[in-house]
Amino acid sequence: MQVNYWNKEIETADRAEIEAIQLEKLQHIIKAAFKTPFYSRHFKKLGIKSPRDIKTFEDFRKLPLVSKEDLRRGYPNGFLAGENYDDVVRMHSSSGTTGIPTVIYWNREDLEAATDLVARCLTAAGCTRSDIFQNMMSYGLFTGGLGLHYGAERLGMMVIPIGGGNTIRQINTMRDFGTTTLHITPSYLMHLATAIKEHGIALETLSLKRAIVGAEPHTEETRRKLEEIFNIDCYNCYGLSEMNGPGLAFECVYKNGLHIWEDSYILEIIDPATGELLPDGETGEVVVTCLNRRAMPLMRYRTRDLAHVYTDMCQCGRTHRRLSRIKGRTDDMLIINGVNVFPSQIEEVIMKIPEVGTNYMIHLTKSGAIDRLTVKVEIYSKMFSGDPVELDILKDKISEELRASIYIHPRVQLHEPGILPTFEGKGKRVVDERGEF
Ligand code: ADP
Ligand code: K
Ligand code: ZN
């Protein structure tokens, strides 16, 4: 396998070198943090008087864990290092679907560093300056669009800043410009599969080689399905606006976990209930410190995402540890008649079944005191022209496989492609109509 590096020395640095870089960069972050209302308050409480008070990882772990709530309470400038926006050259803000949005600020050097890291990510996934990069993430306040845009340019790819939506135009653009690399959510890529089929477009007329898929959880089964349909490689890309957006962790060509760039981030996995640090290999909440952003320092940020760390060496030679696929968010978990279920567990089961197509929805309703789970699944249309008995058999099979895995017997509905809602960005596949409980 061809392995290219963007910055070989750093990407293959040994543990001691990486940790030395982390502690050195941390000094600058702490220094900036003194200029923010949030940290100056906390530092006073903790008796931290200068960056030199945080010299070791042990010192570092005395710093407070920061939650999304803290960011919201600090809206808009509680984490801004400075009195005004003079040094700030960009802001982004997260969706705010669940309340007050959160804001992130970058100065020129911060953006420069973030851009360089994205170029590193894309290189790890095999991209080169010969690639044509169609960025199908939405631009705007959401970091998904611009976040990868500049890094792809930095690498020298031809960037098509098309943004999300308008699927026919997307396909025409892929054909006319020989797009090799997509940046897209898995939900939109699933929809694209249906649209390409619907419009009778032959994949051979396109030049697709790979897709960078991210911004939402998806399972290994979904990846495999998408890779098969498009005959491409899909690389998982993880990030969140608080940590500079996509490109916090990225898969290399070996696709076995997402390298997190430890010269630029400190990764911790904690027990979400107690806040206790967990050893590598154990699943817990991902906590990240950004070492490259001084306009808005953010340390020990609780992502609410659940994953574990792989420590074994990757075949690519990079020494930076790898994160597993994100299993879900601490606030994603469904409690169905007292049983805990992550939507990803449902996806994992159904996407393994060959008859199942590329779309599904999870509905929760109440019948008296009982929760009802209905899983709506799109299957390939040829099933509908065959023997109806086959459909019943398939329905039972899906229901039974779900029961064996999540211990809940769901109702299963089968649909032809194109019936269920489609998503051109992040999918919203769970509809919970159980009301207050
Ligand atoms: P929000 O969705 O909170 O408004 P973001 O747009 O920054 O803010 O989304 C970040 C979140 O998206 C992450 O915390 C994570 O839950 C999810 N996410 C992003 N990339 C991935 C990925 N590759 N796999 C799983 N989840 C992801
Ligand atoms: K180019
Ligand atoms: Zn690797």
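The values are calculated or read from the model by the stated rules, or taken from the named source; none is laboratory data. If you're wondering where the values come from, they're calculated on a predicted model, not measured in any experiment. So basically every Cβ, Gly included, is an ideal-geometry build from the backbone, and we count neighbours across all protein chains shown. Just the protein is used for accessible areas: all its heavy atoms, side chains included, with ligands, DNA and RNA removed. Shrake-Rupley method; radii C 1.70, N 1.55, O 1.52, S 1.80 Å.
Ligands, DNA and RNA are left out, and with a 1.4 angstrom probe the accessible area of region 1-128 is 54 Å² per residue. Using the Cα gyration tensor of region 1-60, with a ≥ b ≥ c the square roots of its eigenvalues, what is the shape: rounded (a/c below 1.5), prolate (a/b larger than b/c) or oblate (neither)? Prolate shape, in that a/c is at least 1.5 and a/b is the bigger ratio. Can you check what the net charge comes to around Val286, using other residues whose Cβ is under 14 Å from the Cβ of Val286 (Lys, Arg +1; Asp, Glu -1)? Overall, the nearby charge balance is -1.
Among the protein heavy atoms of region 339-432, carbon and sulfur supply 52% of the accessible surface, probe 1.4 Å, non-protein parts ignored. With respect to the chain, whose longest principal axis is taken over its alpha-carbon atoms, helix 186-198 is tilted by about 30°. Relative to the longest principal axis of the chain, what angle (0 to 90°, nearest 10) does the C-alpha long axis of helix 15-33 take? Compared with the principal axis, the helix lies near 70 degrees.
Would you work out the charge dipole size for region 110-243 about its Cα centre, treating the Cβ of every Lys and Arg as +1 and the Cβ of every Asp and Glu as -1, and quote it to the nearest 20 debye? Dipole magnitude for region 110-243 comes out near 300 debye. Highest mean packing comes first when the peptides 243-254, 167-178 are listed by Cβ atoms within 10 Å, giving 243-254, 167-178. The apolar share of the surface of region 68-208, taken as the fraction of accessible area on carbon and sulfur atoms (1.4 Å probe, ligands and nucleic acids excluded), comes to 51 percent. Hey, what angle do you get for helix 143-155 against the long axis of the chain, alpha-carbon based, 0 to 90 degrees rounded to 10? Compared with the principal axis, the helix lies near 70 degrees.
Coupling constants for region 369-384 follow from the phi torsions by the Karplus curve (6.51 cos²θ - 1.76 cosθ + 1.60, θ = phi - 60°), and in residue order they are 8, 9, 7, 10, 9, 10, 10, 9, 10, 8, 10, 5, 4, 4, 4, 6 Hz; glycine and proline get x. For region 241-264 and region 157-177, what is the separation of their C-alpha centers, rounded to whole Å? Answer, in whole Å: 25. Basic side chains Lys and Arg get +1 at the Cβ, acidic Asp and Glu get -1 at the Cβ, and with that the dipole of the chain about its Cα centre reaches some 960 debye.
Among 383-392, 20-29, the peptide with the highest mean count of other Cβ atoms within 10 Å heads the list, and the full ranking is 20-29, 383-392. Packing here is the average count of other Cβ atoms within 10 Å per residue, and on that basis the peptides 120-127, 151-158, 414-421, 12-19, highest first, run 120-127, 151-158, 414-421, 12-19. Hydrodynamic estimate: the Kirkwood radius of region 339-432 over Cα pairs, inserted into Stokes-Einstein at 10 °C and 1.306 mPa s, corresponds to D of 115 µm²/s.
FRET efficiency for the pair Thr374 and Thr283, taken as 1/(1 + (r/R0)^6) with r the Cβ-Cβ distance and R0 = 25 Å, rounds to 0.35.
For the pair Thr274 and Leu46, label points projected 7 Å from Cα toward Cβ lie 2.1 nm apart.
Here the Karplus relation 6.51 cos²θ - 1.76 cosθ + 1.60, evaluated at θ = phi - 60°, turns the backbone of region 206-214 into coupling constants of 9, 10, 4, 10, 7, 10, 8, 10, x Hz, with x for every Gly and Pro. Only one residue of Leu189, Leu63, Ala81 has its Cα farthest out toward the positive end of the dipole of the chain, where Lys and Arg carry +1 and Asp and Glu -1 on Cβ, and that residue is Ala81. Between the listed residues Cys127, Ile212, Ile260, the Cα displaced farthest toward the positive end of the dipole of the chain, a dipole computed from Cβ unit charges relative to the Cα centre, is found at Ile260. Site pair Gln2 and Lys35 shows an inter-label distance of 4.3 nm when each label is modelled 7 Å from Cα along Cα→Cβ. Between the beta carbons of His28 and Ser67, assuming R0 = 25 Å, the FRET efficiency works out to 0.60 to the nearest 0.05. Taking amide H as placed 1.01 Å from N in the peptide plane, Thr102 has its amide H under 5 Å from the amide H of Ser94, Gly96, each at least 5 places away in sequence or on another chain. Across the alpha-carbon atoms of region 1-331, the computed radius of gyration and Dmax are 19.8, 67 angstrom. Accessible area per residue for region 178-323 is 30 Å², calculated with a 1.4 Å probe on protein heavy atoms, without ligands, DNA or RNA. About its Cα centre, region 257-380 has a charge dipole of approximately 340 debye under the convention of +1 per Lys or Arg Cβ and -1 per Asp or Glu Cβ, with nothing else charged.
The distance separating the Cα centre of region 292-317 from that of region 54-127 comes to 13 Å. For Asp432 and Asn172, the FRET efficiency from 1/(1 + (r/R0)^6), where r spans their Cβ atoms and R0 equals 45 Å, is about 0.75. Between Glu83 and Val339, the simple label model (points 7 Å from Cα in the Cβ direction) yields a spacing of 6.1 nm.
For region 339-432, the solvent-accessible area with a 1.4 angstrom probe is 50 square angstrom per residue.
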